[in-house]
Amino acid sequence: MVDTTQYLVLGAILFCLGVAGVFIRRNAIVIFMCIELMLNAVNLTFIAISRSLGSIDGQVFVFFIMTVAAAEAAVGLAIILSLYRRRQTINVDEVNLLKW
Amino acid sequence: MGIEAGTVMLGIIGPEVVLVVAALGLMVADIIIKDERERQFLVWIGVAGILGSLAVSASLWGREVAYGFYGMVVVDNFSTFFTLLFLVAGGLTLLMSHRYVQERKLSPGEYYTLTLFATCGMVLMGKSTDLIMIFLGLEVLSVSLYVLVGYVRGSDKGVEASLKYFLLGAFSSGFLLYGIALLYGATGSTRLAEIGAAIAQKGLLGEPMLLAGMGLLLTGFGFKIAMVPFHMWAPDVYEGAPSPITGFMSVGVKAAAFAALLRVFAGSLPGLGIQWKEVLWLGSILTMTLGNVTALMQTNIKRMLAYSSIAHAGYILIGVVAGGETGTTAVLYYLLVYTLMNLGAFAVVVAIEQKDEKRLELLDYAGMGTRHPALGAAMAVFMFSLAGIPPLSGFMGKFYIFSAAVKEGYLGLTIIGVLNSLVSVYYYLRVTVMMFMKEPEAEITPVLFHPSLVVVLIIALFFTLQMGLFPSTYLHIARESIKIFL
């Protein structure tokens, strides 16, 4: 029997992995994937909580998050593409005209 | 709670409906109109949308509190106040962008459409009474701005700024969402009112899940208001973005995040005040100090204004920490004052800037004041107001913030705030000195005044002076707006 706490812990671990990835990885697309991992960790948390509370709100929220993530992905990948066109790189360390 | 189940009540989102209709109309008109020159008139569709929306939201002022969409959004004076503020910011940005877009041959349709959508997202954020709506409003506004920041595709800096804003924006949304999830887990609801009630009833104050959720929410909002240590994106993004959009972001996004912050923290988590006030207290000191000290060293005017905007977020945080009637009123008044004086300063920057990001260095401002006395005088007024020199509105804003902090017993915070505004006088004054007292090294090409830009300057100038000389009307409005928190 898997109880809610275990799902929450899994969600927390995934979220932390995502955060760590954002700090460690230097490829813009991989960073973006790590952000998506964070969002999906949140989704998992929402579903687990929603299930244990017996309220539907959390599941509805997940749909909103997925929709927004899709919109963000569309815009984000376009930005990364236009960066590559101008600079021939998507390594964030080389994107340093402006000081970080 | 006054939730009328089953009612949608379209009137409640009237201002947003007008904005979205105008934005969609703009998109269609953009396709129909083929002629490049005629397309420049698209800005007027956007301005008409803003004016219509202003009229609708002004009619909502002073009405009874009404919930709509199953309690997701609310019309109260607080939301109407912020709606009007965002619409003014959006409208001035459109007017400021008119020549900017034309000169750089940017495609006007999408630019104005996205500006309207971003305004709409801000309005929704100020109106939401549910964490889901806050998130959605934030994303509507952020996704539009990710595109707008990188809108000048030929600019290396612009694309880079856009990437940085996107990555850090999405990253901070992750924190905000996880905070919402934990709050939902701890209290069983995403409604702000129900969260507050659940905390009071079940005695959840010490609950670790609630505290963790609150911390994550603070991080998420901290990114949006550029609170130190979550400010690192701001200078880069503000420098790289098109100047009118920088102005828009520095006032609009900040005000929207503060509106949501007040609703969530002052509105439904007052029981946890001891904890979050401590965090914001520290954040406010760091934000002011770092913003002002770093601004001293900047040579690029946009980057300097970016750090100045970080510092101003710090001042506003003092008001949030002080809380109570005077503190919250001061926050609202300050946001209003800051919107007009900062947009005014950016209007001057847009006027002086030339194509391909030229004339953005401080040295380029040498002699501008003697060549164009009116422009120089306007910039002097905005700079003095930002520095907080009486009798301008920036002084009154700071005065109310600091006096609220003293009244609530945050003496140390006030002293640090006053010292900080003294430091800031140096870099604001430097711009004015540069404009009037220094001779340019080379002969400068004169500034071309565009009617739309002149209108923006006049509006900003008028309100910056008027809100400083006759603040009582605006204070009264701000006080009426915060009744829901008392």
Task: region B:106-122: number of residues that are touching a Phe, Trp or Tyr at 6+ places or on another chain (Cβ under 9 Å), hydroxyl-bearing (Ser, Thr, Tyr) and either closer than 12 Å to B:Val147 by Cβ or not in a helix (DSSP H, G or I) (or both) - done: 3
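Being crowded, with 21+ Cβ neighbours inside 10 Å, within 14 Å of chain A (Cβ to nearest Cβ) and among the small types (Gly, Ala, Ser) is the requirement here; does B:Ala241 meet it? I'd like the intermediate steps shown before the answer.
Working: crowded, with 21+ Cβ neighbours inside 10 Å: yes; within 14 Å of chain A (Cβ to nearest Cβ): yes; among the small types (Gly, Ala, Ser): yes.
Judged against the criteria, B:Ala241 is a match.
With respect to B:Gly376, determine if the residue is touching a Ser or Thr at 6+ places or on another chain (Cβ under 8 Å), modelled with pLDDT under 90 and more than 30 Å from B:Leu286 (Cβ to Cβ). Lay out the reasoning, then the answer.
Working: touching a Ser or Thr at 6+ places or on another chain (Cβ under 8 Å): yes; modelled with pLDDT under 90: no; more than 30 Å from B:Leu286 (Cβ to Cβ): yes.
So B:Gly376 does not fit the description; no.
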TODO: Could you tell me which residue of region B:37-65 is surrounded by the most Cβ atoms within 10 Å (Cβ to Cβ), considering only residues that are in contact (Cβ under 8 Å) with a residue 12 or more places away in the chain and not in a helix (DSSP H, G or I)?
DONE: B:Trp61
Open item on the list: Any residue at all in region B:134-144 that's within 24 Å of A:Asp57 (Cα to Cα), in contact (Cβ under 8 Å) with a residue 60 or more places away in the chain, among the β-branched types (Val, Ile, Thr) and part of a helix (DSSP H, G or I)?
Closed with: yes
Task: Among residues of region B:147-163, those that are buried (at least 24 other Cβ atoms within 10 Å of the Cβ) and either basic (Lys, Arg) or within 8 Å of another protein chain (Cβ to nearest Cβ) (or both), counted - done: 6
TODO: Confirm whether B:Met368 is surrounded by 24 or more Cβ atoms within 10 Å (Cβ to Cβ) and over 25 Å from the mean Cα position of the chain (by Cα).
DONE: yes
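Going through B:Ile245, B:Ile225 one at a time, which residue ends up being among the hydrophobic types (A, V, I, L, M, F, W, C) and over 27 Å from B:Leu192 (Cβ atoms)?
Numbers: B:Ile225 fails: over 27 Å from B:Leu192 (Cβ atoms).
Criteria check complete, one pass: B:Ile245.
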Task: Residue that is surrounded by the most Cβ atoms within 10 Å (Cβ to Cβ), among those in region B:334-365 that are at pLDDT 95 or above and of a type outside the set (A, V, I, L, M, F, W, C) - done: B:Gly344
Open item on the list: Let me confirm something: among B:Ser142, B:Ser172, B:Ser189, which residue is more than 9 Å from every other protein chain (Cβ to nearest Cβ), hydroxyl-bearing (Ser, Thr, Tyr), in contact with a helix residue (DSSP H, G or I) (Cβ under 7 Å, 6 or more places away or on another chain) and farther than 23 Å from B:Ile45 by Cβ?
Closed with: B:Ser172
Task: Odd one out for B:Thr445 among (1) closer than 20 Å to B:Phe82 by Cβ; (2) touching a residue at least 24 places away in the same chain (Cβ under 8 Å) - done: (1)
Task: Residues (surrounded by fewer than 20 Cβ atoms within 10 Å (Cβ to Cβ) and closer than 10 Å to B:Leu343 by Cβ) located in region B:452-469 - done: B:Ile459
- [ ] Kindly check whether there is at least one residue in region B:66-81 that is surrounded by fewer than 24 Cβ atoms within 10 Å (Cβ to Cβ), within 12 Å of chain A (Cβ to nearest Cβ), in contact with a strand residue (DSSP E or B) (Cβ under 7 Å, 6 or more places away or on another chain) and assigned to a helix (DSSP H, G or I).
- [x] no
Open item on the list: Any residue that is in contact (Cβ under 8 Å) with a residue 40 or more places away in the chain, within 13 Å of another protein chain (Cβ to nearest Cβ) and charged (D, E, K, R) - is there at least one of those in region B:212-228?
Closed with: no
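Only residues that are hydrophobic (A, V, I, L, M, F, W, C) and either in contact with a Phe, Trp or Tyr (Cβ under 6 Å, 6 or more places away or on another chain) or over 24 Å from B:Leu363 (Cα atoms) (or both): list them for region B:432-460, please.
The initial filter retains those residues of region B:432-460 that are hydrophobic (A, V, I, L, M, F, W, C), namely B:433-437, B:442, B:444, B:447-449, B:453-460.
B:Met434, B:Met435, B:Val455, B:Val456, B:Ile458, B:Ile459, B:Ala460, listed by residue number.
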Open item on the list: I'd like the full set of residues that are among the charged types (D, E, K, R) and under 8 Å from the mean Cα position of the chain (by Cα), limited to region A:6-38.
Closed with: A:Glu36
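Quickly run through region B:84-105 and pick out the residues that are outside any helix (DSSP H, G or I) and closer than 15 Å to B:Phe346 by Cα.
Going through region B:84-105, the residues outside any helix (DSSP H, G or I) turn out to be B:104-105.
Once the filter is applied, which keeps residues that are outside any helix (DSSP H, G or I) and closer than 15 Å to B:Phe346 by Cα, region B:84-105 yields nothing.
The values are calculated or read from the model by the stated rules, or taken from the named source; none is laboratory data. All values reported here derive from a predicted model rather than from experimental measurement. When we count neighbours, we look across all protein chains shown, and the Cβ atoms used for this are built from the backbone with ideal geometry, even at glycine.
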